[in-house]
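Visitor: Got a structure here, written out as structure tokens. Questions coming.
The values are calculated or read from the model by the stated rules, or taken from the named source; none is laboratory data. A quick note: this is a predicted structure, and the numbers were derived from the prediction, not measured. Neighbour counts are summed over all protein chains in view; Cβ atoms, including those assigned to glycine, are modelled from backbone coordinates with ideal geometry. In case anyone asks, the SASA skips ligands and DNA or RNA and just uses the protein heavy atoms, side chains included. Shrake-Rupley method; radii C 1.70, N 1.55, O 1.52, S 1.80 Å.
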Amino acid sequence: PLLVARGATVSSVQLVTYDGCKSALRARGAEEGPALHAACSVAASITLTTAMCPLDVTLTHYQAGPATAGPVECARGLLRDRGPAVFVRGWLPLWGRFLPSTILTFVIYEQMRRVLVGDFLR
């Protein structure tokens, strides 16, 4: 269940943040292009990392630690024993991993969309 939650989080948070950021910046006059796509990709990677880090920390402790009743119980134990800061441990390296792939994904996606669909979905 935790891996399913992780996968759903990756897709939903990344896409919603990218699209919302792009819409907001376009409404404020930003021009469509690689700079806009890269800026929105950075925002999406930050949001994605912030949403993913607690799940990754919990998953790591759940898989490597002593047996617990489940991932929720593992997360409760982490919160009780180490406080809320434990859930953002490793945030910067995780962001360093997500940032390049997110930028590449959305810049390539937008360029392919422009070539294949044109301005129809603008």
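Visitor: Of the residues that make up region 97-104, is at least one within 22 Å of Leu55 (Cα to Cα), hydroxyl-bearing (Ser, Thr, Tyr) and under 17 Å from the mean Cα position of the chain (by Cα)?
Guide: yes
Visitor: Something else about it: Are any residues in region 66-94 under 19 Å from the mean Cα position of the chain (by Cα), part of a helix (DSSP H, G or I) and surrounded by 14 or more Cβ atoms within 10 Å (Cβ to Cβ), and if so, which ones? If you could, list the steps in order and put the result at the bottom.
Guide: First pass over region 66-94, keeping only residues under 19 Å from the mean Cα position of the chain (by Cα): 85-94.
Now restrict to residues that are part of a helix (DSSP H, G or I): 85-88, 91-94.
Passing the criteria: Val86, Phe87, Val88, Trp91, Leu94.
Visitor: Further question on the same structure: Here are the criteria: (1) more than 30 Å from Arg113 (Cα to Cα); (2) open to solvent by 50 Å² or more (accessible area, probe 1.4 Å). Tell me which single one Val57 does not satisfy.
Guide: Answer for Val57: the failing condition is (2).
Visitor: Here's something else I'd like to know. Scanning region 50-69 for residues that are touching a residue at least 40 places away in the same chain (Cβ under 8 Å) and out of contact with any Phe, Trp or Tyr (no Cβ under 6 Å at 6 or more places or on another chain), which turns out farthest from Leu99 (Cα to Cα)?
Guide: Result: Tyr62.
Visitor: Separate question: Taking the condition of being outside any helix (DSSP H, G or I) and either without any contact (Cβ under 8 Å) to a residue 24 or more places away in the chain or open to solvent by 60 Å² or more (accessible area, probe 1.4 Å) (or both), how many residues in region 8-49 meet it?
Guide: 5
Visitor: If you scan region 95-122, which residues turn out to be open to solvent by less than 60 Å² (accessible area, probe 1.4 Å) and basic (Lys, Arg)?
Guide: Matches in region 95-122: Arg113 only.
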